[in-house]
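S.K.: Encoded as structure tokens, here's the structure I'll be asking about.
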Amino acid sequence: MTRGPRAYLSFIGIGLLAGLLSGLFGVGGGTVIVPLLVLLLSFGQRISAGTSLAAIVPTASVGVISYAISGSVAWIPALILAAGAVVGAQIGSRLLPRVSQTALRWGFVVFLIVVIVSLFLVIPSRAAEFELGWLNGVALVAVGVVTGVIAGLIGVGGGVIIVPVLMLGFGTSDLVAKGTSLLMMIPTAVSGTIGNLRHHNVDLVAAALIGVSACTTTALGAWLATRIDPFAGNVLFAAYLVVIAVQMALKALRSRPR
């Protein structure tokens, strides 16, 4: 495929933006990468999703290192979440032909609205620590599985779910939630990318450029997260979730039978 400078500059620009948001919010950046690849470069949906997932691997890795430096990663909970998410993603992909995408998207929009409202009511304490017990462990597995199922069904990355659930449901600080979310993404993204490569659903050049570019701004985003007041961080994250909710609602409206 012949590409001009515009395409390569677009890949770099997409990566810079995705990396900043990834570090700032503890998300993979797929909600930015996928629509921009489709909109700016006319990528197909599957190639966009596969390319985004591959780019998330280096991006999340840099993010984890950035958060780990400040001690803001819960290592064991992240691995438990990842194990559940890998299983859940397989379940989601099997359920995909049997479940109404429109109903799922509207359900996810409702979930995001509840989270957005909650973010203004519950302000996380940066002194809060994650206490892992058997009950929390079981809950983490369940959250991981549900996250994986949703990802497999509607292609939403785990960070959008994991970060608010860890803050609101498990009482962790916003920084630990973000660092843990990024770590959880790495094995799930690697697993998904291997499958996508087998099915030729990854543009390796685009993924490499986006991923490397994102790495240059992920640390900046993580640093900004530590400098922002927790309430301000919640407000910014809520604004980000509003954008995702609007995207999901538009997809649900477009998929209605005419």
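Just so you know, all these numbers are worked out from the coordinates, no wet-lab data involved. Note that the structure is a prediction, hence the values are computed from the model and not measured. Every residue, glycine as well, gets a Cβ built from its backbone with ideal geometry; the counts of neighbours run over all protein chains shown.
S.K.: Only sites in a loop by DSSP and with at most 13 other Cβ atoms within 10 Å count here; which trypsin sites (Lys or Arg not before Pro) in the stretch 1-61 make the cut?
M.R.: Numbers: sites: 3, 6, 46; in loops: 3.
Those that pass, being in a loop and sparsely packed, are 3.
S.K.: Another question about this same structure. Using only alpha carbon pairs under 8 Å that are at least six residues apart, calculate the relative contact order of the stretch 133-258 and give it in whole percent. Intermediate results must be reported in sequence, preceding the final value.
M.R.: Values: 33 pairs, mean separation 19.2, N = 126.
Relative contact order, the stretch 133-258: 15 percent.
S.K.: Give the relative contact order (percent, whole number) for the chain; include only Cα pairs under 8 Å separated by 6+ residues. Intermediate results must be reported in sequence, preceding the final value.
M.R.: Numbers: 430 pairs, mean separation 103.7, N = 258.
Averaging sequence separation for qualifying contacts and normalising by length gives 40 percent for the chain.
S.K.: With label points built 7 Å along Cα→Cβ from the Cα atoms of residue 121 and residue 75, find their separation and express it in nm.
M.R.: Output for this residue pair reads 3.6 nm.
S.K.: OK, next. For residue 224 and residue 103, calculate 0.36 nm times their separation in residues minus their Cα-Cα distance, and state this gained length in nm to one decimal.
M.R.: Numbers: separation 121, 0.36 × 121 = 43.56 nm, distance 3.63 nm.
Stretched out fully, the residue 224 to residue 103 stretch lengthens by 39.9 nm.
S.K.: Among 16, 224, 121, which one shows the highest mean-square fluctuation when the chain is modelled as a Gaussian network with alpha-carbon springs under 10 Å?
M.R.: Result for the chain, Cα springs under 10 Å: 121 fluctuates most.
S.K.: Classify the stretch 1-97 as rounded, prolate or oblate, taking a ≥ b ≥ c as the square roots of the eigenvalues of its Cα gyration tensor: rounded when a/c is under 1.5, otherwise prolate if a/b is larger than b/c and oblate if not. Can you show the working numbers first?
M.R.: Numbers: a/c = 3.00, a/b = 1.30, b/c = 2.31.
It comes out oblate by the Cα gyration axes.
S.K.: Something else: Remind me, relative contact order of the stretch 1-115 in percent, using alpha carbon pairs under 8 angstrom and six or more residues apart?
M.R.: Details: 46 pairs, mean separation 19.1, N = 115.
Relative contact order here is 17 percent.
S.K.: Of all chymotrypsin sites (Phe, Trp or Tyr not before Pro) in the stretch 69-127, which ones are in loop regions per DSSP and have a Cβ with at most 14 other Cβ atoms within 10 Å? All intermediate terms of the calculation are to be shown ahead of the outcome.
M.R.: Numbers: sites: 75, 106, 108, 111, 120; in loops: none.
Hits after loop and neighbour filter: nothing returned.
S.K.: So, by mean Cβ neighbours within 10 angstrom, what's the order for 246-255, 181-190, 19-28 with the highest one leading? Mind dumping the intermediate values first?
M.R.: Values: 246-255: 14.4, 181-190: 26.9, 19-28: 29.0.
Per-residue mean Cβ counts within 10 Å order the peptides as 19-28, 181-190, 246-255.
S.K.: Sticking with this one: How big is the dipole moment of the stretch 5-254 about its Cα centre under a simple scheme where the beta carbon of each Lys and Arg is +1, that of each Asp and Glu is -1, and everything else is neutral? Debye, nearest 20, please. Display every interim value, and only then the final one.
M.R.: Numbers: 11 positive and 5 negative charges, 137 e Å.
Roughly 660 debye, rounded to the nearest 20.
S.K.: Comparing 70, 52, 61, which has the greatest mean-square fluctuation in the GNM of the chain with Cα pairs linked when under 10 Å apart?
M.R.: 70
S.K.: Also: Could you work out the helix-only [θ] at 222 nm for the chain, with each DSSP H run of four or more residues adding -39,500 (n - 2.57) and the total divided by the number of residues, to the nearest 500 deg cm²/dmol?
M.R.: Numbers: 10 runs with 206 residues, N = 258.
So the helix-based figure for the chain works out to -27500 deg cm²/dmol.
S.K.: Also: Are there DSSP H segments in the chain that both extend 18 Å or more along their axis (alpha-carbon positions) and score a mean Kyte-Doolittle hydropathy of at least -0.5? List them, or say none.
M.R.: Details: long enough: 5-25 (30 Å, 1.45); 45-69 (36 Å, 1.08); 75-95 (30 Å, 1.42); 101-121 (30 Å, 2.12); 134-154 (30 Å, 2.11); 174-198 (36 Å, 0.72); 204-227 (34 Å, 1.39); 230-254 (36 Å, 1.44).
Qualifying helices, which must be both long enough and hydrophobic enough, are 5-25, 45-69, 75-95, 101-121, 134-154, 174-198, 204-227, 230-254.
S.K.: Another question, then. What is the calculated FRET efficiency for residue 253 to residue 131, with r their C-beta to C-beta distance and R₀ = 45 Å, to the nearest 0.05?
M.R.: On the way: r = 42 Å, r/R0 = 0.94.
The value I calculate is 0.60.
S.K.: Pick from 127, 208, 54 the residue whose mean-square fluctuation is largest in a GNM of the chain, springs joining Cα atoms under 10 Å.
M.R.: 127
S.K.: Find the centroid of the Cα atoms in the stretch 74-100 and in the stretch 209-255, then give the distance between the two in whole Å.
M.R.: Answer, in whole Å: 22.
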